[in-house]
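Only one structure is covered here, and it is reproduced in the block below.
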Amino acid sequence: LYKDAGEGIVPDDFNHEIIFAFGSEQLFVYSGCAHRGLLNILDSVRLSTGKKVGTLMGGFHLLDSEKGRLYESPDEIDSIALALKTIYPETNFITGHCTGEKVYERLRNKLENQLNRFYTGYTTIIE
């Protein structure tokens, strides 16, 4: 991805993207879309706060590969799922936007009840 930096088109460094994290003992983290990487977001929150992430909600930016467009391979998706399950075994993941249907099903097979999806009209209670 690229951006117009005023002096021409350059690779996007995504320095404009933010996440929102709150909580006392465990954090609820919201990300619009994980362009910089889901694991990078989780690692950054964990390292900067020293707290566990109880829930991460947001788009994973993991699209289905189709019609000649290749994104993450099945092996890469499995690797992400393994890292999430290993490093964040108690974290709940809620995704929707920009997470492909095939990717979601593959992640769900590995993460089981750790992974759910949000949709228009979705509500949740944050404690």
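For region 41-54, take each phi angle, set θ = phi - 60°, evaluate the Karplus expression 6.51 cos²θ - 1.76 cosθ + 1.60, and give the result in whole Hz per residue in order, putting x for glycine and proline.
Each residue's phi maps through the Karplus curve to give 4, 4, 5, 4, 5, 4, 6, 7, 10, x, 9, 6, 8, x Hz.
Would you give the gap between the C-alpha center of region 1-38 and the C-alpha center of region 52-127, rounded to a whole Å?
17
List the lysines whose Cα sits under 22 Å from the Cα of K67, skipping any in the same chain fewer than 8 residues away.
K102
Search the structure for amide H atoms under 5 Å from the amide H of C33, placed 1.01 Å from N in the peptide plane, and list their residues when 5 or more places away or on another chain.
Those lying under 5 Å, H to H, from C33 are G59.
Under a point-charge model restricted to the Cβ atoms of Lys and Arg (+1) and Asp and Glu (-1), what is the dipole moment magnitude of the chain relative to its Cα centre, in debye to the nearest 20?
I would put it at about 280 debye.
How many nm separate the modelled label positions at F118 and T49, each set 7 Å beyond the Cα in the direction of the Cβ?
1.5
When averaged across all projection directions, what area in nm² does the alpha-carbon convex hull of region 77-127 cover?
3.9
Taking just the alpha carbons, could you work out the radius of gyration and Dmax for the chain, both in angstroms?
Computed over the Cα atoms of the chain, radius of gyration and Dmax are 15.3, 47 Å.
Over the chain, what is the relative contact order in whole percent, taking alpha-carbon pairs under 8 Å and six or more residues apart?
20 percent.
Coordinate-derived values only; no laboratory data. Computed from a predicted structure; not experimentally measured. A quick note on method: Cβ atoms are made from the backbone with ideal geometry, for glycine too, and the neighbour counts reach across all protein chains shown.
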